[in-house]
Amino acid sequence: MDLAAAATHPGRTTPIADRTQLYLDGRWIAPHGTGVIAVEDPTTEQVIAHVPAGDTVDVDRAVAAAKAAFGPWSALAPAERAAHLDRLHTALSARAGDIATTVARELGTPMKIATKVQAGLPLTVLKSYVDMAGQPESTHTVGNSLIVGEPVGVVGAITPWNYPLHQIMAKVAGALAAGCTVVLKPADLTPLVAYLLFDAIDEAGLPPGVANLVTGPGSVVGSAIAAHPDVDLVSFTGSTAVGARISHLAADRIARVALELGGKSANVILADADLRRAVKTGVANAFLNSGQTCTAWTRMLVHRSRYDEALAIAAEAAAGQTLGDPFDEGTRLGPLASAAQRETVRGYIEQGLAAGARLIAGGLDAPVPDRGHFVAATVLADVDPDSVVAQEEIFGPVLVVIPFDSDDEAVAIANNSRYGLAGAVWSGDEDRALAVARRMRTGAVDVNGGAFNPLAPFGGFKQSGIGRELGRHGLAEFLETKAIQR
Ligand code: NAD
């Protein structure tokens, strides 16, 4: 890539201002922490802005503000909370274009996906919680008991970089709608979009302390939130390793945790499937956001009778994943989020090939732009289901393909994973596909290309997490259950 051309691309000509403050107790104020985080554009490898690195004092201030705000916020009538969230939706909608370009710059997501998913999806999720917040409190009776859901308290939200605003919104909107208050720590790689959200929160005039922003390193700010005695629920999205660490910190004080973790999802293509559609959709799914998607179907399982045909379609589809600048219209695959991520992904490709996988597309020698953290869309065939590349979450554009001989074997391979976040089944016979879907130990399965539903519960089995986000199930995560006997 021509660096000069990339740096002056129309999408990049507006400079992004450094942010020097945190949002605490309804105001932008100077951090106590003196450090600074440099935010890089992974396409140009240039630093585009800086944000503060807060410290444990900043976390204490944020939690104190959230604790003080909890009483009045949780006591608001549902319609009043909904009105606040609706104003936030208006303020954030006005920033949709800015959100898309900011994520295209700080993460490298191609503009089409940045617009539709990185900016569009959080707005859809926020709107769904405006609607839910406005509905009367749901209660029911069991014998002589009245069962009510009450907000859990102060929520500590810690989020990753791959869908930075969506993951924030699934927590912040759900928590606020339920009557909780929030302290957010966004990912260090992509903090800029969180600032746009808090600009909108400020403009919408949410009551002071209801939502607080502390940027900074996970090991300092994230740990302090997870360990804080006044944080009632730690809602975390990220890697399984950090999720386990957060569980330990929260366990010491029996705080609640909600964990959305990694995945290694299986796309099961039965012999009677519409093969072309199944494989092409599967390839697009695996490479969405450069493969940095927790729900990505990164293991393609194909009936042996259609295996060679499927590999040919997969190779053709992978070749269509044009690498390039996220601001170029023809780009399907942007860079990976960081140099470290690129090296990790390249290491996995090397390991897969060394273990005997067959390279069908991409690979380490495939041409990539000479600037930016790019890896070509890579397809590995004949992969041993127990091998590292079939077991570990690569979080890059690497798809492994594995043959099977029966529905039972397909289910066994799909379930041969410590993860269980998402998956897919394709068959000409929907009942047969549904039967396989029911046997998959995973939080979501799409049958024959069923569309993503932002109101359906989202979350994982096994090491993919604990709890659910989005829709009514997501709201329930922020509620305690109380039984009142009469
Ligand atoms: P990560 O676990 O490294 O970081 C996630 C967040 O935790 C960041 O804000 C980070 O600063 C913070 N953190 C890091 N160390 C911490 C510590 N010791 N204590 C507290 N907080 C700490 O994950 P990542 O690299 O940002 O994101 C990629 C991972 O997220 C992948 O494994 C992916 O599957 C997962 N993910 C899961 C979902 C889901 O919904 N299940 C969605 C997106 C991403």
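The values are calculated or read from the model by the stated rules, or taken from the named source; none is laboratory data. If you're wondering where the values come from, they're calculated on a predicted model, not measured in any experiment. So basically every Cβ, Gly included, is an ideal-geometry build from the backbone, and we count neighbours across all protein chains shown. For the accessible areas, the whole protein counts, side chains as well, though only heavy atoms, and no ligand, DNA or RNA atoms are used. Shrake-Rupley method; radii C 1.70, N 1.55, O 1.52, S 1.80 Å.
So the values come out like this:
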{"quantity": "Qualifying residue in the range 138-148 (condition: out of contact with any His (no Cβ under 7 Å at 6 or more places or on another chain), aliphatic (A, V, I, L, M) and crowded, with 22+ Cβ neighbours inside 10 Å)", "calculated": "no"}
{"quantity": "Counted residues, the range 193-235 - those being closer than 20 Å to Pro164 by Cα, open to solvent by 10 Å² or more (accessible area, probe 1.4 Å) and touching a residue at least 60 places away in the same chain (Cβ under 8 Å)", "calculated": "6"}
{"quantity": "Options Thr14, Thr20; residue that is of a type outside the set (Phe, Trp, Tyr), modelled with pLDDT under 95 and surrounded by fewer than 16 Cβ atoms within 10 Å (Cβ to Cβ)", "calculated": "Thr14"}
{"quantity": "Condition met for Arg486 (farther than 30 Å from Ser138 by Cβ, surrounded by fewer than 22 Cβ atoms within 10 Å (Cβ to Cβ), in contact (Cβ under 8 Å) with a residue 60 or more places away in the chain and not hydroxyl-bearing (Ser, Thr, Tyr))", "calculated": "no"}
{"quantity": "Complete set of residues in the range 221-238 that are near the ligand (Cβ under 10 Å from one of its atoms) and among the β-branched types (Val, Ile, Thr)", "calculated": "Val221, Ile225, Val234, Thr237"}
{"quantity": "Test: residue in the range 429-446 that is closer than 18 Å to Ala286 by Cβ, open to solvent by less than 10 Å² (accessible area, probe 1.4 Å), touching a Leu at 6+ places or on another chain (Cβ under 9 Å) and of a type outside the set (Val, Ile, Thr)", "calculated": "no"}
{"quantity": "Helices (runs of 4 or more DSSP H) within the range 4-112 that include 1 or more residues under 24 Å from Val152 (Cβ atoms)", "calculated": "56-75, 78-93"}
{"quantity": "Verdict on Ala241 being within 15 Å of Ala66 (Cβ to Cβ), open to solvent by 10 Å² or more (accessible area, probe 1.4 Å), within 13 Å of the ligand (Cβ to nearest atom) and of a type in the set (A, V, I, L, M, F, W, C)", "calculated": "no"}
{"quantity": "Residue list for the range 250-308, filter: free of Cβ contacts under 8 Å to residues at least 12 places away in the same chain and either in contact with a strand residue (DSSP E or B) (Cβ under 6 Å, 6 or more places away or on another chain) or within 18 Å of Ser406 (Cα to Cα) (or both)", "calculated": "Asp308"}
{"quantity": "Some residue of the range 309-318 being surrounded by fewer than 24 Cβ atoms within 10 Å (Cβ to Cβ), free of Cβ contacts under 8 Å to residues at least 60 places away in the same chain and under 18 Å from Pro110 (Cβ atoms)", "calculated": "yes"}
{"quantity": "Sole residue being within 16 Å of the ligand (Cβ to nearest atom) and crowded, with 24+ Cβ neighbours inside 10 Å, chosen from Arg299, Arg342", "calculated": "Arg299"}
{"quantity": "One residue from Ala337, Ala410, Ala357 being within 29 Å of Asp41 (Cβ to Cβ) and open to solvent by less than 70 Å² (accessible area, probe 1.4 Å)", "calculated": "Ala337"}
{"quantity": "Residues of the range 155-188 classified as within 12 Å of the ligand (Cβ to nearest atom) and touching a strand residue (DSSP E or B) at 6+ places or on another chain (Cβ under 8 Å), total", "calculated": "13"}
{"quantity": "Output for the range 250-276, where each listed residue is outside any loop (DSSP other than H, G, I, E, B) and near the ligand (Cβ under 7 Å from one of its atoms)", "calculated": "Glu260"}
{"quantity": "Whichever residue in the range 189-215 is more than 17 Å from Thr237 (Cβ to Cβ) and within 16 Å of the ligand (Cβ to nearest atom) and, among such residues, is nearest to the chain's Cα centre (by Cα)", "calculated": "Leu192"}
